[in-house]
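Every number here is computed from the coordinates shown, using simple stated rules; none is lab data. Given the structure is predicted, the values throughout are model-derived calculations rather than measurements. A quick note on method: Cβ atoms are made from the backbone with ideal geometry, for glycine too, and the neighbour counts reach across all protein chains shown.
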Amino acid sequence: MINFLKIFANFETLSYEEKESAYRQQIRHLKEVWSDNTYGLERLFRLFLCLAQFIFPLLLIRDIFGRCGAISRKIAVEFYNLFKLFFPLIILYFGFYRYPLIVAFVIYLLSETILHILNLIFLEDIHVADISYRRSMLLLLLHYLEVVLDFAVIYIGFDLLSERLSGISAVYFSLVTSTTVGFGDIHAKNTVAQLVVIIQLLVCVLFIILFVNYFSGKF
C-alpha cells in the first residue's frame with residue numbers, strides 16, 4: 001500500500017502543514033480581505049470571490065481530505081480536477097448532453113473553475129504559494145482543457161451553432177474558439193450563442209493573464 005501511495009507522493013520526505021479546516025481557512029481569508037486597505041469595486045469583487053467558494057464542492061473536498069494532512073488534500077484536489085476534466089468527455093461520448101440537468105451541472109462546475117481562475121488573479125496575495133511551479137502549470141493546463149470541453153457540452157447541449165454537431169465537432173469548435181483562430185466553417189447561429197462565444201473568449205483571456213503571471217513569477 002505504501003509503495004502504491006508513493007506513485008502520488010513521497011510521504012516520507014514531505015512534511016504536513018498545520019491541520020486547519022478548509023472552511024475556517026476560507027473564513028480567515030474572508031476576514032483578511034475585509035481588513036485590508038482595498039476599496040470600491042476591487043474590495044466588493046474580492047469579497048464576492050471569497051464568499052462564492054462556499055457554494056462549490058472543492059471547499060468540502062479540501063476540508064474532508066485536509067484532515068489527513070496537506071499532501072492528502074492536494075492529491076484529492078488533483079483527482080477532483082481530473083473528474084471535472086473527464087466528466088464532459090463522458091457526456092459527449094454517451095450523448096448525455098440531451099439532458100438539460102446534466103448540462104446545467106456542467107455549467108455549475110464550469111462556474112467553479114472560472115471563479116477559481118479569478119481567485120488566482122485577484123486573491124493571489126492571501127493564498128499560500130503552491131507546492132511547485134510545475135504543479136501549478138499542470139493544473140492550469142487541466143483547467144484550460146476542462147473549460148474547452150465544458151463549452152463543447154454547452155454548444156451541443158443547447159444547439160447553439162450553425163449546424164448539428166457531433167461530440168468531436170463540438171470540441172473542435174470550442175478549441176478553435178478558445179485559441180481565437182476562428183476558421184468560420186461553424187459559427188454561432190443566434191444572439192445567445194454569440195454571448196456564449198464571447199464568454200469563452202473572455203475566459204481564455206483570463207488564462208493568458210495567468211500564464212503570463214506564472215511565467216513572469218518563474219523568471
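Taken over region 17-59, the criterion of being assigned to a helix (DSSP H, G or I), among the basic types (Lys, Arg) and more than 21 Å from Ser111 (Cβ to Cβ) is satisfied by Arg24, Arg28, Lys31, Arg43. Residues in region 146-173 that are without any contact (Cβ under 8 Å) to a residue 12 or more places away in the chain and of a type in the set (Gly, Ala, Ser): Ser166 only.
Considering region 95-134, the residues that are more than 15 Å from Ile154 (Cα to Cα) and aromatic (Phe, Trp, Tyr) include one that is surrounded by the most Cβ atoms within 10 Å (Cβ to Cβ), namely Phe122.
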